[in-house]
Each structure stands twice: as structure tokens, then as C-alpha cells.
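The values are calculated or read from the model by the stated rules, or taken from the named source; none is laboratory data. Since the model is a prediction, treat every value here as computed from it, not as a measurement. Don't worry about glycine lacking a Cβ; one is built from the backbone with ideal geometry, like all the others, and counts go over all protein chains shown. Surface accessibility is based on the protein's heavy atoms, side chains included, excluding ligands, DNA and RNA. Shrake-Rupley method; radii C 1.70, N 1.55, O 1.52, S 1.80 Å.
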Amino acid sequence: MQNFIQKILLAFALISLHGCLLLNNVVPIPNDKVTMPSDDRAIAIYGVALESDWPYPQFSISLDEYSMEKQAITGNCWRFNRMNASVPKTRTSVQYFAFEVAPGYYTFSPFNAQNQNSYQAQAFHVPAGQISYIGDFIYVGQQSTILRRNHSAIETDLKKIYPNIQSTIKLAESVSVSPPHLFLCAP
């Protein structure tokens, strides 16, 4: 009987840990469904592309919710708000992704496989009721990603990609922050 109880407790612990990082209050939005956020939500858009060889089938960029007060990402093992966009390793032109998010700040994730040595750690403000363009994250080789934020040059293209948008797309305010750190989920 004791062995059975131990197995039940072990199963419960494994199921609990399996749920680690699964609660995410960020929703990817298909291009034709991007219209206007509700007053208590926001829409964030960013692009992803590669200008150098990437050794894996997919290249991903994640942005994590960031607390300005704590100067850290807000995630933990049970709740972790993050935007994640992936493109095939052959993608050389920028592909854009839209997400419905909780308003606030988002930063380049420390969980990304590549680093962001090429620029200062930044958090991007995504206000409630607004559509914000964060920028284009471009892999340039040597495990480095750069950020391009030429909003005026791509604003017309974004309106074509997202034809049902009912408001202006604003460039997300950027502020320098302490580089975010990973968190570890362990029993």
C-alpha cells in the first residue's frame, strides 16, 4: 500500500512539473483577425528573419513579460507570459507575428537560444487598447540577433499584412533595463 501511495505522489509531482511554463496569457493572432484590442488588452507585433545560417530547422524569438519594479521577467514555474515566434531556418525576408497580450513591458527572453550582445537590454512598452510594433529581430550569425526598428519604413507594409486593423500601429516605447535572468523550475 505504501508503494502505491508513493507512486501516486510521484505521478502527481510529475504532472505538476509537466505543467511548468504552460500558463501563458498571450494569444497569437492570425493576420486576418488583427483588428483592435479591447480596452484592457494590447496587441504587439514583431518580425523575425535570418541573414545568416542557423543550424536548426526553426529559428525562434521569444519576448517575456517584464516587471519594471522588480527589473526582472515576471515568469515562474506556473505562470509565464511570453510571445514566441518561429520561422524556418531558410526565412530571409521578415515574417511578422501579432499577439494579444496583457498591457505592460516585454523584453528579449533570456531563454532564447541566441544572445542579444549587439544591443543594450531593452523593455518595450505595450499600452492597453493600442497596437504596438516592437521591431524586427534578425539573426546575423555568431549566435547574435540584432533589432531593427524602422517603423516609418514598414508601417504601410504592416497595414497590408494586417488588412483589418482599425487603428494606427504605434512604435513601442523602448527603455533600457537590467538584463533579465533565467528562472529554474526544479522540485
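For the modelled label position 7 Å from the Cα of Lys159 along Cα-to-Cβ, which residues of region 129-151 have backbone nitrogen atoms closer than 17 Å? Under 17 Å, as judged by backbone N against the label point of Lys159, lie 131-133, 151 of region 129-151. Per-residue SASA remark: Lys33, around 130 Å² accessible (1.4 Å probe; ligands, DNA and RNA not included). Taking 7 Å steps out from each Cα toward its Cβ at Gln166 and Phe183 produces label points 3.5 nm apart.
For Trp78, Trp54, the ranking by accessible surface with the largest value first comes to Trp78, Trp54, using a 1.4 Å probe. Given a 1.4 Å probe and the protein chains as shown, Asp53 ends up with an accessible area of around 140 Å². What the Cβ-Cβ distance of Ser52 and Arg79 gives, at R0 = 41 Å and to the nearest 0.05, is a FRET efficiency of 0.75.
Tell me, what is the FRET efficiency for Arg149 and Gln95 to the nearest 0.05, using R0 = 22 angstrom and their Cβ-Cβ distance as r? The formula returns an efficiency of 0.85 here.
Take Leu182: with every protein chain present and a 1.4 Å probe, its accessible area is about 110 Å².
Charge tally around His151: other residues with Cβ under 14 Å, Lys/Arg +1 each, Asp/Glu -1 each, net 0.
What is the local net charge at Ser109, summed over the other residues whose Cβ is closer than 9 Å to its Cβ (Lys, Arg +1; Asp, Glu -1)?
On the way: positive: Arg82; negative: Asp64.
Computed value for this residue: 0.
Residues with beta-carbon under 13 Å from that of Gln58, excluding Gln58: net charge, scoring Lys, Arg +1 and Asp, Glu -1?
Values: positive: Lys89, Arg91; negative: none.
Spelling it out: positives minus negatives among the neighbours equals +2.
Applying the criteria of a DSSP loop state and at most 13 other Cβ atoms within 10 Å to the GluC sites (Glu not before Pro) of region 51-92 yields Glu51, Glu69.
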